[in-house]
Ligand SMILES: [Zn+2]
């Protein structure tokens, strides 16, 4: 994904199912990292302006702050900011991204107000149900419209998915990045597949329903 980071794809091209999990998110590739957050301070929370019509954020800044308070503070060390950022028509296929920085940053993205997105014509229902099983478990519906499948959310389930899973996944990338950096002691060795697995496992453990449930 040259230069881009952890993201959960909303529309994704068909790929062999073996790669389905790693295709749902990918890793930001900026190579340097520097802790920019003193111990205990917590990341800044921001909200960028949306275009006047047509887009919606999954949550408010207060809801985001409350969700961040559910993580162990040491997992957020060095994370400069977490916030809401506008998707665009060209780049509307990510739920969230982690940027290793510096400064380390997590962005959670808006969605078109109808909370639906089309999959590509090659994607079948079982691809979605397998590749986006977490989304389906959170309440995303898969409906057929003509020859294509459309993924549909209601606001509450989408909010729960973003705060309860996507955010935890991106924090997982940050935790992985920092632990990896400590482990090799000389700059993190990039291993996107391992980072994906770590982040997804972290999200399932620390997200909604985990021991540090949001
Ligand atoms: Zn990821």
Would you mind telling me which numbered condition in (1) in contact with a strand residue (DSSP E or B) (Cβ under 9 Å, 6 or more places away or on another chain); (2) farther than 21 Å from residue 195 by Cα residue 80 fails?
(2)
So in the stretch 93-118, with the set limited to residues that are in contact with a strand residue (DSSP E or B) (Cβ under 7 Å, 6 or more places away or on another chain) and assigned to a loop (DSSP other than H, G, I, E, B), which one is surrounded by the most Cβ atoms within 10 Å (Cβ to Cβ)?
95
Residue pairs, Cβ under 7 Å, 6 or more apart or interchain, first in the stretch 155-183 and free of Cβ contacts under 8 Å to residues at least 24 places away in the same chain and over 14 Å from residue 78 (Cβ atoms), second more than 11 Å from the ligand (Cβ to nearest atom) and part of a helix (DSSP H, G or I). List them.
157/138
Is at least one residue of the stretch 153-166 within 16 Å of the ligand (Cβ to nearest atom), farther than 15 Å from residue 57 by Cβ and in a helix (DSSP H, G or I)?
yes
Somewhere in the stretch 50-61, is a residue farther than 26 Å from residue 118 by Cα, part of a loop (DSSP other than H, G, I, E, B) and either away from the ligand (no atom under 16 Å from the Cβ) or at pLDDT 95 or above (or both)?
no
For the subset of the stretch 69-96 comprising residues that are under 14 Å from the mean Cα position of the chain (by Cα) and touching a residue at least 60 places away in the same chain (Cβ under 8 Å), which member is farthest from residue 151 (Cα to Cα)?
82
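The values are calculated or read from the model by the stated rules, or taken from the named source; none is laboratory data. As the structure is a prediction and not an experimental result, all values here were calculated from the model. All Cβ positions, glycine included, derive from the backbone under ideal geometry; neighbour counts span all protein chains shown.
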